[in-house]
1. Within the range 296-313, restricting attention to residues that are assigned to a helix (DSSP H, G or I) and acidic (D, E), which residue is surrounded by the most Cβ atoms within 10 Å (Cβ to Cβ)?
2. Hey, which of the strands (runs of 3 or more DSSP E) in the range 56-112, taking only ones fully inside, have at least 3 residues that are of a type outside the set (V, I, T) and free of Cβ contacts under 8 Å to residues at least 60 places away in the same chain?
3. Looking at L280, L275, L250, L267, which one is part of a strand (DSSP E or B) and within 20 Å of the chain's Cα centre (by Cα)?
4. Can you find even one residue in the range 135-153 that is assigned to a loop (DSSP other than H, G, I, E, B), in contact with a helix residue (DSSP H, G or I) (Cβ under 9 Å, 6 or more places away or on another chain) and surrounded by fewer than 17 Cβ atoms within 10 Å (Cβ to Cβ)?
5. Looking only at the range 468-513, filter to residues that are among the small types (G, A, S) and without any contact (Cβ under 8 Å) to a residue 24 or more places away in the chain; which one of those is farthest from T429 (Cα to Cα)?
6. Tally the residues that are crowded, with 22+ Cβ neighbours inside 10 Å and either part of a loop (DSSP other than H, G, I, E, B) or over 13 Å from the mean Cα position of the chain (by Cα) (or both), restricting the search to the range 358-390.
7. For residues in the range 121-134 being at pLDDT 95 or above and of a type outside the set (G, A, S), which is farthest from D226 (Cα to Cα)?
8. Quick test of your reading of the structure: L242 fulfils all but one of (1) surrounded by 23 or more Cβ atoms within 10 Å (Cβ to Cβ); (2) in the same structural domain as G389 (by TED's automatic domain parsing). Name the failing condition by number.
Amino acid sequence: MRSIKQVVAIVVVLAMVLSALGLALALVLGGMLGGDDEAPQRQPRTGPALSTTPSGDATEPPDPALAPFYDQSLDWQPCEGDADHECTDLQVPLDYTDPGGETIEIAVLRVPASEPGQRLGSLVVNPGGPGAPGTSYAAAGDAVFRAPLLARYDIVGFDPRGTGGSAPVDCLSDEQLTEFLAADPSPDEPAEVEALVADLETFFDGCVERSGDLAAHVSTVEAAKDMDVLRAALGESGLTYLGASYGTKLGATYAELFPDRADRLVLDGAVDVSLTSRELNLGQAAGFERALRAYVSDCVEGGDCFLGESVQEGLDRIVAFLEEVDREPIPAPGGRELTVGSAFYGLITPLYVSDYWFLLSQALEAAFAGDGTTLMLLADTYASRTPSGNYTDNSSEAIYAINCLDDPSSTPVEEIPAQVPDFLEASPTLGEVFAWSLVGCRGLEVEPDPSTRLGEITAEGAAPILVVGTTRDPATPYEWAQALADQLEPGVLLTREGDGHTAYNSGNACIDEAIEAFLIEGTVPDDGTTC
């Protein structure tokens, strides 16, 4: 399940209701959704170079063979159509066990500090996913980051390897990807089970056929090593970092690999890195059930709720709707049909941010009346799909490629029915979908490199790491933040009471000020602080 891809003000996802707003909900979910078929391209390198030349301790490599990468300078140029931001490429080895071999380029975007005289350095950011482009996240500026951070830091976003503009992994054509995402996520007939298995095998075959050796080198450990090369190229002796959702796993991995370089790290919407795939899916099932119940409760308490007179009636109505769409898809724009797969993604998308629950109500009311337009647009937003059928980024492919390198386990399809009761206990409404997601890495064609698999992550010896959790976070349940803070030797837990995915810049001044004081002044809040 995607991160979130984090807290941003919405752009026009649905023109009829969001025409006054400026950023896409898709950015919250990890990528820009625009009317253009192509993602923004970086400016060709012309004119005088704006360079960053690191020196001294910052460039000392962990392995002498990596010295050429740690010594590189960054040539910054204005981003295409965006003179306020600067773009560059970072060169890294495709395979860190063969640093003299093939290289790839990592796309990097910088938002210069608005108060250069008070600048503290570079704040590297990641929005999660895995698969979300960090360049888009950084470019979102004050929709994501508040003035104190924008004033004191250069905000630096990068697209992790295999994503966005950084050697993006490719597994399916756009048409194939649309069909893949529309498939039934909880098959209940033998033919549907066979189709699910065939789809996954086609996907992973495609990753190798269309991406070659890259498909075996998009792990979180390799992305964390890229992040240390980026730190050196930025001239920073220590990494200052704000990671959200999956970005917390990336940050924790970095701290484990480079504890002496981990300076001020904020991990917001934390992932429990110790959990198995089954445990992660059970946790998310419970998290989305909690969020869905909160949404339905809000509708019922508001009076005249279209879902029913009680929370259980509302949940039952949603289950019945999904069953109806499973039997008979409903019309959607462009001659498409809203399938149960698309309906599921459209349903969970607004649950990431409670301010957007009204979108879910509009979508469901229309769908109940036989119009799948709004729910399909929400599903397309989740997938970064444009109305013309193309994709603004590859996040829907990268999420599988990265997750399955990190953990290639897959439950055999014949064992899934026995898993379903536990998942229905965690989520009576959506449990079957999360149970079937255990099949997810079926057909993986590449063998993960043992060097990319870490054991226990404790980050022993690192500076204090601020782990932030939200009590009713659907995608990264609060219990995960508690667990990660306990596992990290320097972990400090900060809690936001509330709904939605991630905590920073979500309207809680106490949280915002604590995170900013940590990043700007180095002030560590008391472990267990609740806002």
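1. Step one: filter the range 296-313 for residues assigned to a helix (DSSP H, G or I), giving 296-301, 311-313.
Those still in the list that are acidic (D, E) too: 298, 301, 313.
Values: D298: 16, E301: 9, E313: 13.
Filtering the range 296-313 for residues that are assigned to a helix (DSSP H, G or I) and acidic (D, E), the one surrounded by the most Cβ atoms within 10 Å (Cβ to Cβ) comes out as D298.
2. On the way: elements: 74-79, 82-93, 103-111.
Answer list for the range 56-112: 74-79, 82-93.
3. Details: L280 fails: part of a strand (DSSP E or B); L275 fails: part of a strand (DSSP E or B); L250 fails: part of a strand (DSSP E or B).
Just one listed residue meets the conditions, L267.
4. Residues of the range 135-153 assigned to a loop (DSSP other than H, G, I, E, B): 140, 144-146.
Keeping just the survivors that are in contact with a helix residue (DSSP H, G or I) (Cβ under 9 Å, 6 or more places away or on another chain) gives 140, 144-146.
This time we only want the ones that are surrounded by fewer than 17 Cβ atoms within 10 Å (Cβ to Cβ), so: 146.
Yes.
5. Applying the first criterion (among the small types (G, A, S)) to the range 468-513 yields 469, 475, 481, 483, 485, 491, 498, 500, 503, 506-507, 509.
Narrowing the set further to residues that are without any contact (Cβ under 8 Å) to a residue 24 or more places away in the chain leaves 507, 509.
Values: G507: 29, A509: 34 Å.
So, considering only residues that are among the small types (G, A, S) and without any contact (Cβ under 8 Å) to a residue 24 or more places away in the chain, the one farthest from T429 (Cα to Cα) is A509.
6. Start the filter on the range 358-390 by keeping residues that are crowded, with 22+ Cβ neighbours inside 10 Å, which leaves 359-360, 363-364, 367, 372, 374-385.
Pick out the ones that are also either part of a loop (DSSP other than H, G, I, E, B) or over 13 Å from the mean Cα position of the chain (by Cα) (or both) and you get 359-360, 363-364, 367, 372, 374-381, 384-385.
Residues that pass the stated criteria total 16.
7. L123
8. Every listed condition holds for L242 apart from (2).
The values are calculated or read from the model by the stated rules, or taken from the named source; none is laboratory data. On a predicted model such as this, the values are computed, not experimentally measured, just so you know. Note that each Cβ is placed from the backbone with ideal geometry, even for glycine, and that neighbours are counted across all protein chains shown.
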